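Working notes for the structure below.
The values are calculated or read from the model by the stated rules, or taken from the named source; none is laboratory data. Bear in mind that the values here come from a model prediction, so they are computed numbers and not experimental data. Please note: Cβ atoms are built from the backbone with ideal geometry, for glycine as well, and neighbour counts cover all protein chains shown. Remember, those area values only see protein heavy atoms, side chains included, never the ligands or the DNA or RNA. Shrake-Rupley method; radii C 1.70, N 1.55, O 1.52, S 1.80 Å.
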Amino acid sequence: MTDPAQHQQPVMPRGDLSKDKPQGRRWILSLDGGGVRGVITLRCLQRLEQYYGAKVGDMFDLFVGTSTGSIIAALLAAGRTIDQILPIYQEESKRNAILRATTDKQRSGVRLRIPGVWFRPRVGRLLAACKLVAALLAFVSGWITYRAMDVAGWDSGSALMSALPQLLILLGLIAMAWIALPRLAAKFVTPWLRRDAPNGLTDQLIEGLAQTTLAELPKDIVLVARDMQRQEATFFSAFHNPTNANDVRGNYRQVRVVDAVLASTALPAVLDNYKRFVDGGVGTFGNPAYVGTMEALLYSCSPKIDPKTTEPQLDADGQVVLNNDPTYKEDEVDIWSFGTGQVTDHFTARMLKDRKQVDFWLKYLITEGAPRASSEQQNWLLRRHPVLSQHFKRFNLCINEASLSWLGCPKAAPETFTMESVSNAQFAVIDQVGEAFAQHLIMSDAFGKQGGEEFGERTPGGFNIPAYVKGVLSEFANPRL
């Protein structure tokens, strides 16, 4: 007879929160960008809640996010649960609202442009004005000529010459309409069309957070955006002093949550900029673990106050001078970093010969270059701060055919995992993989292991230095490559 024990389901590991997070330790949750792949992060956080038997919002003290990670981070810091956030990604209308209609121009559903204007805004406005004046002159000259011919009873004897004034009038009217109507529509029609239109991401944040500032959130927060005017990253942060509820620190603590999130999620080529800001993942901060941790360790201090002006002291560079009293200390923090999956492509020299399209390399820089730069920053942080490396956990999925097959999702193609996969069919695949990866993390007790787990081989067949060097020499010697 078969032993019944053989048919028993494996026991799900459980963590002890009171043991892993003793009194005095502070936990930082860092969430990567990645568009709708943010559902992978949410599925992992769901399993983390099961593992510890507590809500994510109660476990962590600081929430750090970039792009889609900033949406999740802000809502968790505001007290929302994973179950309340998931529908934002699961419902197709809400996914479309977030990815396609975040800014004012796109919320209207109408994108109006002045035809023929491809220059900078001021030059474009000047050119449009010149076109309008030319069209007006054509109309006026045609009208004057037509009236003069009519009063004088002049007949040119040619049908074409007789119709020329009417033609000028018609062309002038068409040109004026062609140039002026888009501006008029943008000013008067678009607001009317937008009166009942979905407000995209703002709708998801507005309930209870319409005017809420970062300082008013019950938890600490750092959201990353890219300031294109200053060409540098901006870290919208607010830190609460655990011993004094009235002491909230951070230069951007008075910024509204809605504004900070919209700034962090304005992904170029998909969404318009939000004021001067674009997506925080533009550059090297798609994974904000490094910058979020440094912000907490170095800038959660209180400002030095000038006794004469009672205002914060500024140094020679205009920066606020801080006291040495951070609310986060290196030997007291644990960092949990969650990725949204990374699609890794491997190209041979022969394959690269056919990859000359600009759009391919732009996509590669966004999907591969930026995440790798973030990973290098993360590795530098751990090498430079050995104490932190003992309390740092990273969870991410390397998306390739081998890892998808191992997770039981062989039909999922890596090319499906785009950041803007808003259709139900595409999203269902991403959600399925997220569920499988999260299940693997909890069943393998990855949450309880030092370092976490980055699942999936990054380089096929492992990496052997002598073999690698031999391969490079062979390629250099081959004139056909």
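Descriptive notes on the structure:
- When Trp143, Trp27, Trp178 are compared by accessible area at a 1.4 angstrom probe, the order from most to least is Trp178, Trp143, Trp27.
- Residue-level accessible surface for Tyr252, protein heavy atoms, 1.4 Å, Å²: 90
- Vicinal HN-Hα couplings computed from phi for region 308-324 (Karplus, 6.51 cos²θ - 1.76 cosθ + 1.60; Hz; Gly/Pro x): 7, 9, 6, 10, x, 6, 10, 8, 5, 8, x, 8, 5, 7, 10, 7, 9
- Measuring nothing but how far apart in sequence close Cα pairs (under 8 Å, 6+ apart) lie, relative to its length, region 253-300 scores a relative contact order of 24 percent.
- Gln319 sits among other residues whose Cβ lies under 15 Å from its own Cβ, and their net charge, with Lys and Arg +1 and Asp and Glu -1, is -3.
- Shown are Val343, Val433, whose ranking by accessible area with a 1.4 Å probe and every protein chain present, most to least, is Val343, Val433.
- Label point distance in nm, Ser141-Lys308, each placed 7 Å from Cα along Cα→Cβ: 6.8
- The heavy atoms of Leu29 offer some 0 square angstrom of accessible surface to a 1.4 angstrom probe.
- Other residues whose C-beta falls under 15 angstrom from the C-beta of Val224 contribute a net charge of -4, scoring Lys and Arg +1 and Asp and Glu -1.
- Each other residue within a Cβ distance under 11 Å of Gly79 adds +1 if Lys or Arg and -1 if Asp or Glu, for a net charge of +2.
- Whole-Hz couplings from phi, Karplus 6.51/-1.76/1.60, listed for region 428-438; x for Gly and Pro: 4, 5, 4, 5, 4, 5, x, 4, 5, 5, 5
- Extension gain, Trp406 to Asn324: 0.36 nm times the residue separation minus the Cα-Cα distance gives 24.6 nm.
- Rg over Rh for region 25-85 works out to 0.93, both radii taken from alpha-carbon positions and Rh defined as the Kirkwood radius.
- Protection-proxy order for peptides 228-235, 36-43, each taking the mean of Cβ atoms within 10 Å per residue, highest first: 36-43, 228-235
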